[in-house]
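Each remark here refers to the structure printed beneath this line.
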Amino acid sequence: MKRLSIKILSFAMSLFILAGSSACSKGEEGSASAGTENTSKTGSTDNSPITISVEGLIGGKQNGVQKDDVSKYIAQKTGISINTLNVPDGAGSTEKYSAQLASGDLPDIFFNIFPIKKIVDADQIYALDDLVAKYGKNLNADPKGKAMIEANKLLSPDGKLYTIGMDRGTWDNGTGATRGIYIRWDLYKKLGYPEIKDLDGLTDVLINMQKLEPKTKDGKKTYVLGSCNGPQDLDFDIFIGALRTQGLVEHEPDFITYIDNSTRRPSSSNILKDKNSIFWKCYKNANKLYRLGLFDPDSFTQSGDQRAAKKDAGTYMCINASWDASGLNDKFQKDGETDKGMVALPASAFGFDNYQLYENTPTGERNYCISKNCKNPERAMQLLDFVSTYEFSRIANDGLEGSNWTLVNGIPTPTKEYLNRTSEEAEASQQKTGAGYYSHFCGYKSGTIEPSTKTSVNCLYSYRANHPTAVQKDFVDHFGVKTMPEVYQKDVKMYSSETVVDWGILSDDMTNYQSNFLTFKVQSEAKIIMAKTDAEFAKAQDDFIKGMNAYKVDDLYKFFTDNANASADKMEPVYQLLDSDK
Amino acid sequence: MIKRKVSAKDHLLSGVNLFILILFTFICFYPLYFIFINAFSSGDAITRGVYFIPQEFTTIYFRSLLLYPNLLNAIFISTMRTVIGTTLSVLASTFVAYMVTRKDLPFRKGIYHYIVFTMYLSAGLIPWYILMKSIGLKNNFLLYVLPGMISAWNIVLVKTYIESIPPSLEESAEIDGAGIITIFFKLIIPLSIPVIACITVFGAVGQWNSWTDNFYLVSNPKLDTLQYLLYKCMQSHMTNVQNSFQQQDLGASAKNQITATGLQDAMTVVTVLPILVVYPFMQRYFVKGIMLGAVKG
Amino acid sequence: MIHIKQLNLEKKSEISVAVLHGKLTDKQKNGIKMLLLILPFLVFIFIFSYLPLAGWWMAFVDYKIGAPFSKQKFVGLKYFQMMFSGVGSFPLVLRNTLVLSGLGLLCSPIPVIFAVMLSKVRNGKIAKIVQTVTSFPNFISWVLVYALFFALFNTNDGAVNVLLARMHLLSTPLNILGDADRAWTIQTLIGIWKSTGWSAIIYIAGMSGIDPELYDAADVDGAGSFQKIIHITIPGIMPTFFVLLILQIANILNNGFDQYWVFQNALTMDKINVLDTYIYRIGIGSLQYSFSTAMGMAKSLISILLLTFANRFSKLIRGTSIF
């Protein structure tokens, strides 16, 4: 027994030595070739080989320097080999970044999840003003890039630039609202395209729609609406779609106010307390549906995965997000039912003249900082600048020219293989092409339209817009135009939001109140939806409104509205830069 | 041995006993079986409901794991950490447990307090992270086997067991001139096989399932464990709102055949199967106690 | 070879002892030798379990994450008071935690009973299979347990609901996942299902350590099966049971995060929101490290206190304690 343990121990020792030595190499693989010399007006660009670590939703199936074509392209053009550290969003990422920040262990470039004031206080990141002036030639030549820089300066506690925003622009290219009111267009057609005047009218139409298809293909009951058990999911499924259709953008996570895109100012009242607000209109309708047995009773208990599965099976008549709808639409296409599908209703269907088709995030949806652990901040900035162009964004999303797409008459067009691949094949090919590895570390989001080619950054989106399905054709015909973006953009004054709001940072006390309020809110919402009579509904409504005061919701409302109003003026320079690009 | 006559009442009780146990066994068996058959069924079938045999048989969830280039290496690392980590932990815990049972250990009570309190004392993630980094366990295989070496829980279990060993055995060994180490290896360990088998099983399963140390402190893909790879695979297919935005549009015409639930099922199968294979080997060491029932009525 | 090795060890410690301390009694020499043997492990425990506790200072400052110690502002007991500030659900959460832990304690004999029942099975093969299979639930992650439950009990097409409806035993489907009134019972039952088989292992091992001659002697005395259980088997595993019971009592505030996190929803929140999920939601979710550290520290100290009391109590009642 003892001999055995000694044997195991000595074997283990040799392993440690092995593992230790391999660990010391830090996983550096592949050498970066010395790129061609590249001089620019602002100063010579160093292209000597160097490795920079970047942490965030980046890279492939394993950490380290990647071997795909896009990574090699970056190394060839800039000399920089990126040591990717993949940290997906969601569970655990907040803790990981926090642990790194707390121990001064941040990598060279990292995705910032902290409120800007907190990370500046930690004094672990570089101020980037000088660096971007000297090495940010792409950013400085692009009005949207300059707007991003200006916005991030205005949002920082001391007016200095601390973050570079990636994923500017839009996720969708106008063929459907990112969040809106998606309905089964084929069933709407069967009903004879009844007029929808307002949200109450919409509910009646949806009820009739469900009568047309009371069961899914698998024989399961259909519902008008369904949700899941996350803390904000009831809101997202019941009322955010309606909100965005009016050109209003919610304030997360408590939804006590919203921003009006046309004025860039917040709501004049607490929409949770105002019984005539859109919030209550939507929840009244949800309650009506529940009483009719058309609101999925499992909404309160099912997880997001289970709801997604139901959505894809056609269980719900009304969906509120483009990615949710696309799952079902793809299924209809695959099954040959091309005349069926979900489309978003435009604002004009309700008589609204302001619409939130998509969000044009001027600050960038993902902000990256350069930590003081980086020994070469100049090269880091060079990298950040390099990936900020439309050109690289396309490569980041679809791979290098010739891999998944080609230029046809100057228009980036997806190849046949790219269009017909299964997700499994796509993942496998990704390891060679690198398509998608850097799609959250590039200047523009996948749906943004590149001005020079008038094609979306991810060329699939434009392709699909130009090749509408049968149901989409019926949709545009009904509205008397040629393409889907036209449907959404006609008859409205505004259709995208570019509002940058500095909501401010709550004190610890108020954060506590807010967090506790969220728990109270979701419980109250469940009671409101499940009220069996009008009296019960009124009581649930009053309980909610009165109960709010225990969580200092009025103070929260005042805090956020004051900050939002101040922002509308403060951010003027940003809006001017964005306008100059139109 | 005098054999008692087995009465009718005994038979009845025996029958009831067996019935309850079998019922409970079924309740424990079906869920894992359910997971197993779902792991081989397509996403659509899972939504419809798979209860008896796999529907629309597919191995797609398992294949998605093969896309990880360091899969084999991860299996190797996981195996190594289980073997080495468990061995170290069992040896160390058993030895410390034995030491604490010895009445001639000064400050014995205080030391035992000192050990047991660790089960309830924790300062959270950040101090732990800082400590691991400071002592050089970042990106180091030792991270997997060193911190877990002394488990207060194991020590408590072993100590309680050792105390049931008749002290006369130890005394006579000492009279024969055996030192502590000898007594430990030649007397205590052989007599404590059942509890050692127990903590070996507990420890091995714990090691096999660990991934958080990998997640926080290891960036070298050569040191990734299997469980961590499974976690990453899961994350990249999550369907919550945040990740929906970030799902890379892979140009798939049949989007997401890899449903989250199916993937979770497959992950469980991959994790549990090796345990089930190895388990019977350890089981025979601690199961003697219930075998007596078969003989002694 | 073994003897020489052992001799070397003993000689070394003896020599160093004699050299360092001069003349000592044999007993003292022995004591020091023992301490030296266990010392490396104690140091080890210090490094990995006690050193991190220095991080408790975070609970007393307005923690600015990432900033050096010198820049942190001392706020005393502010974050400890925050939990009593009356906001939201803290009293409720505490109640839930204590109730669920209490129910768990009440159910702590179940693995023992199960182990004894298993020992009464005549067929060894069956006993082994039962033991193996009943430990399966332990390997299923809580996320999957929830998915399973949903598949069986959801109101739309949960298998159990469908079955009961077909057998005309139900008119409206059961909504077990959204049932607040029975939430405590349901969670306790689920806990029993998940942990009984696995927890019984230590008791089965304990039964292996009972001297078979005791059973023989009982047979000679004409003892029945039941009497043997009461007088031999149970007393044989009682020490283990009581130790684990005391440890469990000290653990009252730490319910186990995963189980309650997956089962919480708008309908059951009031009943199964426990301390750990509460702290996570309010603390870590919103980057409030001072708060979560303060709560963690309070929980640790309360646990130690409970441990001491439970131990004293056990000494009073049974005459023995775990210390």
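Just so it is clear, none of the values below were taken in a lab; they were calculated from the coordinates. Source: prediction; values computed, not measured. Here Cβ is always computed from backbone atoms with ideal geometry, including for glycine, and neighbour counts include all displayed protein chains.
Quick one: Cα centre-to-centre distance for the stretch C:125-177 and the stretch C:262-323, in angstrom?
Value for the Cα centre distance between the two parts: 29 Å.
Check the straight Cα-Cα distances from A:Lys454 and name the lysines below 24 Å, setting aside those fewer than 8 residues away within the same chain.
By straight Cα distance, A:Lys454 reaches A:Lys137, A:Lys144, A:Lys146, A:Lys416, A:Lys445, A:Lys473, A:Lys482, A:Lys490, A:Lys493, A:Lys582.
Sort chain B into rounded, prolate or oblate with this rule: let a ≥ b ≥ c be the square roots of the eigenvalues of the Cα gyration tensor; rounded if a/c is under 1.5, and if a/c is not under 1.5, prolate when a/b is larger than b/c, oblate otherwise. Before the final figure, lay out each step's value.
Working: a/c = 2.83, a/b = 1.34, b/c = 2.11.
Oblate, since a/c reaches 1.5 and b/c is not below a/b.
Lys/Arg Cβ at +1, Asp/Glu Cβ at -1, dipole of chain A taken about the Cα centre: which of A:Leu248, A:Ser515, A:Cys369 is farthest positive-ward?
My answer, from the dipole projection, is A:Ser515.
Given the C-alpha centroids of the stretch A:514-582 and the stretch A:450-464, what is the distance between them in whole angstrom?
Taking the Cα centre of each part, the stretch A:514-582 and the stretch A:450-464 sit 36 Å apart.
Only Cα pairs within less than 10 Å get springs; with that Gaussian network setup on chain B, which residue of B:Asn139, B:Asn220, B:Asn38 has the largest fluctuation?
B:Asn220
Report, in order of residue number, the helices in chain C meeting two criteria: a C-alpha extent of 30 Å or more along the helix axis, and a mean Kyte-Doolittle hydropathy of at least -0.5; treat each whole DSSP H run as one helix.
Both cut-offs are met by C:183-208, C:289-318.
Got a sec? Charge dipole of chain B, +1 on Cβ for Lys and Arg, -1 for Asp and Glu; which of B:Leu276, B:Val83, B:Val16 is way out at the positive end?
Positive-end residue among those listed: B:Val16.
If a helix is a whole DSSP H run, which ones in chain B reach 18 Å or further along their own axis (Cα) and hold a mean Kyte-Doolittle hydropathy of at least -1.0? It would help to have the intermediate numbers written out before the result.
Numbers: long enough: B:8-38 (44 Å, 1.51); B:71-101 (44 Å, 1.42); B:193-209 (24 Å, 1.41); B:260-286 (38 Å, 0.99).
Span-like helices, by this rule, are B:8-38, B:71-101, B:193-209, B:260-286.
Can you give the FRET efficiency for A:Lys217 and B:Ile53, using 1/(1 + (r/R0)^6), R0 = 22 Å, r = Cβ-Cβ distance, to the nearest 0.05? Spell out each step's value before the answer.
Details: r = 22 Å, r/R0 = 0.98.
E(calc), rounded to 0.05, equals 0.55.
Return the single residue from C:Ser141, C:Ser290, C:Ser101 with maximal mean-square fluctuation; model: Gaussian network over chain C, springs between Cα atoms under 10 Å.
Looking only at C:Ser141, C:Ser290, C:Ser101, the biggest GNM fluctuation is shown by C:Ser141.
If I fit a long axis through the Cα atoms of helix A:553-570 and take the longest principal axis of the Cα atoms of chain A, what angle between them do I get, 0 to 90°, rounded to 10?
Tilt of helix A:553-570: around 60 degrees.
Looking at the square roots a ≥ b ≥ c of the eigenvalues of the Cα gyration tensor of the stretch C:173-323, which shape do they give, rounded for a/c under 1.5, prolate if a/b is larger than b/c, or oblate?
Because a/c hits 1.5 or more and a/b fails to exceed b/c, the stretch C:173-323 counts as oblate.
About its Cα centre, how strong a charge dipole does the stretch A:272-359 have in debye, to the nearest 20, once Lys and Arg get +1 and Asp and Glu get -1 at the Cβ?
So the dipole magnitude of the stretch A:272-359 works out to roughly 520 debye.
Quote the charge dipole size of the stretch A:185-252 about the Cα centre in Debye, to the nearest 20; the model charges only the Cβ of Lys and Arg (+1) and of Asp and Glu (-1).
Taking the Cα centre of the stretch A:185-252 as origin, the dipole is about 500 debye.
Can you list the residues of the stretch C:249-264 with backbone N under 16 Å from a point 7 Å past the Cα of C:Arg318, pointing along Cα to Cβ?
C:249-251
Evaluate the distance, in nm, between pseudo-label points positioned 7 Å from the Cα of B:Thr212 and of A:Gln576 along their respective Cα→Cβ axes.
Each label point is offset 7 Å from its Cα along the Cβ direction, giving 5.2 nm.
What does the helix-only formula give at 222 nm for chain B: each DSSP H stretch with n ≥ 4 adding -39500 (n - 2.57), the total divided by the residues, and the result rounded to the nearest 500 deg cm²/dmol?
Details: 16 runs with 198 residues, N = 297.
Rounded to the nearest 500, it is -21000 deg cm²/dmol.
I want the antiparallel fraction of DSSP beta bridges within the protein assembly as shown, as a percent rounded to 5. Could the numbers behind the result be given before it?
Working: 34 of 50 bridges.
Expressed as a percentage, antiparallel bridges in the protein assembly as shown total about 70.
Roughly speaking, what is the stretch gain from A:Ser507 to A:Lys546, that is 0.36 nm per residue apart minus the C-alpha to C-alpha distance, in nm to one decimal? Could you put the intermediate results ahead of the total?
Working: separation 39, 0.36 × 39 = 14.04 nm, distance 2.35 nm.
Additional length available on full extension: 11.7 nm.
Put +1 on the Cβ of every Lys and Arg and -1 on every Asp and Glu Cβ in the protein assembly as shown; which of C:Pro68, A:Tyr73, B:Leu191 then has its Cα farthest towards the positive end of the dipole?
Farthest along the dipole direction, towards plus: B:Leu191.
With a ≥ b ≥ c taken as the square roots of the eigenvalues of the C-alpha gyration tensor of chain C, please select rounded if a/c is under 1.5 and otherwise prolate if a/b is larger than b/c or oblate if it is not?
oblate
Can you compute the label reach from A:Glu536? Point 7 Å from Cα along the Cβ direction, backbone N cut-off under 20 Å, restricted to the stretch A:270-288.
In the stretch A:270-288, the label zone of A:Glu536 (backbone N under 20 Å from the point 7 Å along Cα→Cβ) covers A:280-288.
Taking Cα centroids, how far is the stretch A:346-401 from the stretch A:185-212 in Å?
When both Cα centres are located, 38 Å separates them.
Return the FRET efficiency for the residue pair A:Asp200, C:Ala54: r is the Cβ-Cβ distance, R0 is 60 Å, and the value is rounded to the nearest 0.05.
0.45
If I fit a long axis through the Cα atoms of helix A:322-334 and take the longest principal axis of the Cα atoms of chain A, what angle between them do I get, 0 to 90°, rounded to 10?
That helix lies at roughly 80 degrees to the long axis.
Looking only at other chains, what is the average number of their beta-carbon atoms within 10 angstrom of each beta-carbon in A:138-148?
Across A:138-148, the average partner-chain Cβ count within 10 Å equals 0.
Using R₀ = 35 Å, calculate the FRET efficiency as 1/(1 + (r/R₀)^6) where r is the Cβ-Cβ separation of A:Ala566 and C:Asp62; round to 0.05. Please report the intermediate quantities before stating the final value.
Details: r = 25 Å, r/R0 = 0.71.
Approximately 0.90, to the nearest 0.05.
For B:Arg284 paired with C:Thr308, estimate the spin-label separation in nm (one decimal), with each label point 7 Å from Cα along the Cα-to-Cβ line.
About 4.9 nm separates the two model spin labels.
What is the helix-to-structure angle for A:143-155, meaning the angle in degrees between its Cα long axis and the longest Cα principal axis of chain A, kept from 0 to 90 and rounded to the nearest 10?
The two axes meet at around 80 degrees.
Please compute the modelled spin-label separation between C:Leu301 and A:Lys493, points set 7 Å along Cα→Cβ, answer in nm with one decimal.
Each label point is offset 7 Å from its Cα along the Cβ direction, giving 6.0 nm.
What's the magnitude of the charge dipole for the stretch C:85-318 around its Cα centre, counting Lys and Arg as +1 and Asp and Glu as -1 at the beta-carbon? Answer in Debye, nearest 20.
Rounded to the nearest 20 debye, it is 140 debye.
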